[in-house]
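S.K.: Supplied in structure tokens, the structure appears directly below.
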Amino acid sequence: MAQDQLNSKIVVIGGSAGSLEALLDLLPALRVDLDIPIVIVMHRKTAPGSPLVDVLAIKSSLPVCEVEEKEPVKNGHIYIAPADYHLLFEADHTFSLDVSEKVNYSRPSIDVAFESAAEVYSDGLTGILLSGANADGTHGLKVIGELGGVTIAQDPDTAEISYMPEHAINNHVVHHIMNVQQLAVYINSL
Amino acid sequence: MEILITDKQLDEVLEDVFDVYGYDFKSYAKASMHRRINRLIAIDKFPSFTEFRYRIRTDKNYFHRFVEEITVNVTEMFRDPAFFTALRTEVLPAIATKPFIRIWHAGCSTGEEVYSTAILLKEANMLHKTLIYATDLNPDVVEKAKSGIFQLDRMKQYSENYIASGGKADFSSYYTAKYDRVIFNEELKKRMIFATHNLVSDGSFNEFQLILCRNVLIYFDKDLQQKVFDLFDKSLDSLGFLALGTKETLRFSPFIGRFRQLDKMKIWRKIS
């Protein structure tokens with residue numbers, strides 16, 4: 001298989017309580033011709049017809065959609081993990097879904113998505129952990145780092161709820177600490 | 001650093017499992033398999049992949065644990081209440097005129113959705129003329145499903161789901177509680193037939209008016225999904241219904257032309 005036809009870079013963003021605000025600032029700041037996929041894994045209510053995709057789509061000039069299972073991961077798209085499923089990545093750069101046990105009281109779990117993405121994308125992966133009140137994401141960032149990827153936490157001083165990024169920072173699994181503006185600059189440079 | 005198995009190692013384990021026990025997981029979606037096996041190696045504290053592989057090859061009891069742990073058996077009653085509302089208001093009335101009804105729950109796991117369907121049938125006054133076939137590849141979960149025994153502490157959630165799906169009766173009238181368990185009424189169980197059936201290797205065994213297979217196909221690769229769609233197509237009555245999970249679709253299947261999707265629901269009706 002022609003390896004160069006698969007996207008080699010990807011950004012996976014994990015967020016929990018308070019992360020919507022950060023995303024609403026981040027998405028409009030991304031360049032229109034961004035040529036990598038952005039995948040957002042957010043803890044949210046499982047109610048059907050959740051407006052999250054619509055809310056984020058309004059703020060973004062890139063197409064925003066909820067992940068469909070076995071769908072190819074396309075550059076220039078922003079994907080949202082569906083509620084009540086874990087999000088996984090296949091070696092052929094398609095998405096898989098899984099309804100197994102909650103991890104860190106969460107489904108989707110950020111750890112699950114980070115770990116799976118790290119195994120597939122290794123050093124092409126940037127994992128970003130935003131605001132939240134949960135320890136989810138720390139272990140995932142650790143695996144991303146071990147497999148050669150870049151790990152970033154939202155600056156806890158700028159996060160609505162600092163616990164989640166702080167937890168990762170205190171566990172020494174974070175390469176960079178950034179506010180939302182710095183995150184946008186970083187992603188736009190990829 | 002924990003053990004993360006490689007693609008090659010995953011293939012080796014699945015090949016072993018097929019050779020030694022005849023269970024074919026080779027067409028399962030790899031990402032989920034990777035995760036389940038990494039998780040199992042960690043939980044059971046194997047020092048190396050080699051020891052894990054050896055244990056599976058040589059210890060039949062451990063193989064049972066392997067099947068139990070790598071297949072996902074997370075389910076609940078009336079999961080996605082909106083789906084069960086559609087079943088109640090659109091699907092059951094359409095098949096109610098049949099003198100005899102067969103329903104297949106393919107990949108029934110521990111049976112929560114089978115009992116949910118039986119309750120809907122009972123409330124539609126159709127249960128007496130229906131047989132529900134409930135199958136899973138794992139004999140242990142089939143036995144659990146057959147027992148009709150569930151944890152009492154889940155009933156609050158299930159009762160809420162039931163009400164959200166349009167249920168009007170007292171949910172607790174469908175079971176009897178004893179200590180921390182409940183057992184569902186014999187009247188419901190009487191219309192169920194439980195069996196092991198492997199969607200990978202076993203064929204069609206009857207004709208059904210409704211097949212439910214929810215959150216099973218997400219674990220299969222695309223080729224296996226097509227094979228299973230073919231099996232369902234063959235096993236469905238001419239105007240039968242196929243119900244899939246919230247994130248599953250028939251859309252990419254070559255059979256899509258023969259089916260019409262119900263409004264916004266993951267339910268398709270065979271039209272030819």
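The values are calculated or read from the model by the stated rules, or taken from the named source; none is laboratory data. If you're wondering where the values come from, they're calculated on a predicted model, not measured in any experiment. Cβ atoms come from the backbone with ideal geometry, glycine included; neighbour counts cover every protein chain shown.
S.K.: What's the total number of residues in the range A:100-113 that are closer than 22 Å to B:PHE220 by Cα and away from chain B (no Cβ under 12 Å)?
M.R.: Here the count works out to 0.
S.K.: Further question: Being in contact with a strand residue (DSSP E or B) (Cβ under 7 Å, 6 or more places away or on another chain) and in a loop (DSSP other than H, G, I, E, B) narrows it down to one residue among A:VAL174, A:VAL112; which is it?
M.R.: A:VAL174
S.K.: Turning to a different aspect of this structure: Does the range B:165-173 include one or more residues that are modelled with pLDDT of 95 or more, of a type in the set (Gly, Ala, Ser) and within 27 Å of B:ASN138 (Cα to Cα)?
M.R.: Scanning the range B:165-173 turns up no residue that is modelled with pLDDT of 95 or more, of a type in the set (Gly, Ala, Ser) and within 27 Å of B:ASN138 (Cα to Cα).
S.K.: More than 16 Å from the chain's Cα centre (by Cα) and modelled with pLDDT of 95 or more: is that true of A:THR158 in this structure?
M.R.: Considered against the rule, which asks whether it is more than 16 Å from the chain's Cα centre (by Cα) and modelled with pLDDT of 95 or more, A:THR158 comes out as yes.
S.K.: Go through the range B:112-160 and give me each residue that's part of a strand (DSSP E or B) and aromatic (Phe, Trp, Tyr).
M.R.: Hits for the range B:112-160 are B:TYR133, B:PHE150.
S.K.: If you take the residues of the range B:97-109 that are surrounded by fewer than 19 Cβ atoms within 10 Å (Cβ to Cβ) and over 19 Å from B:ILE271 (Cβ atoms), which of them is nearest to the other protein chains (Cβ to nearest Cβ)?
M.R.: The qualifying residue nearest to the other protein chains (Cβ to nearest Cβ) is B:PHE100.
S.K.: Take the residues in the range B:214-228 that are within 13 Å of chain A (Cβ to nearest Cβ) and part of a helix (DSSP H, G or I); name whichever of them is nearest to B:HIS34 (Cα to Cα).
M.R.: B:TYR219
S.K.: Related question: Just wondering, is there one or more residues in the range A:121-131 that are part of a helix (DSSP H, G or I) and within 14 Å of chain B (Cβ to nearest Cβ)?
M.R.: There is at least one residue in the range A:121-131 that is part of a helix (DSSP H, G or I) and within 14 Å of chain B (Cβ to nearest Cβ).
S.K.: In the range B:1-11, how many residues are touching a Phe, Trp or Tyr at 6+ places or on another chain (Cβ under 9 Å) and either at the interface with chain A (Cβ under 10 Å from one of its Cβ atoms) or at pLDDT 95 or above (or both)?
M.R.: Here the count works out to 3.
S.K.: While we're on this one: How many of the residues in the range A:87-99 are under 25 Å from B:ASP80 (Cβ atoms) and more than 8 Å from chain B (Cβ to nearest Cβ)?
M.R.: Total satisfying the criteria: 3.
S.K.: Now for a separate question. Of the residues B:ILE256, B:ILE267, only one is away from chain A (no Cβ under 14 Å) and over 21 Å from B:ILE103 (Cβ atoms); which?
M.R.: B:ILE256
S.K.: Does the range B:1-27 hold any residues that are within 17 Å of A:VAL120 (Cβ to Cβ) and hydroxyl-bearing (Ser, Thr, Tyr), and which are they?
M.R.: Across the range B:1-27, the qualifying residue is only B:THR6.
S.K.: Then there's this: Does A:LEU183 satisfy being outside any strand (DSSP E or B) and buried (at least 24 other Cβ atoms within 10 Å of the Cβ)?
M.R.: For A:LEU183, the condition - outside any strand (DSSP E or B) and buried (at least 24 other Cβ atoms within 10 Å of the Cβ) - is met.
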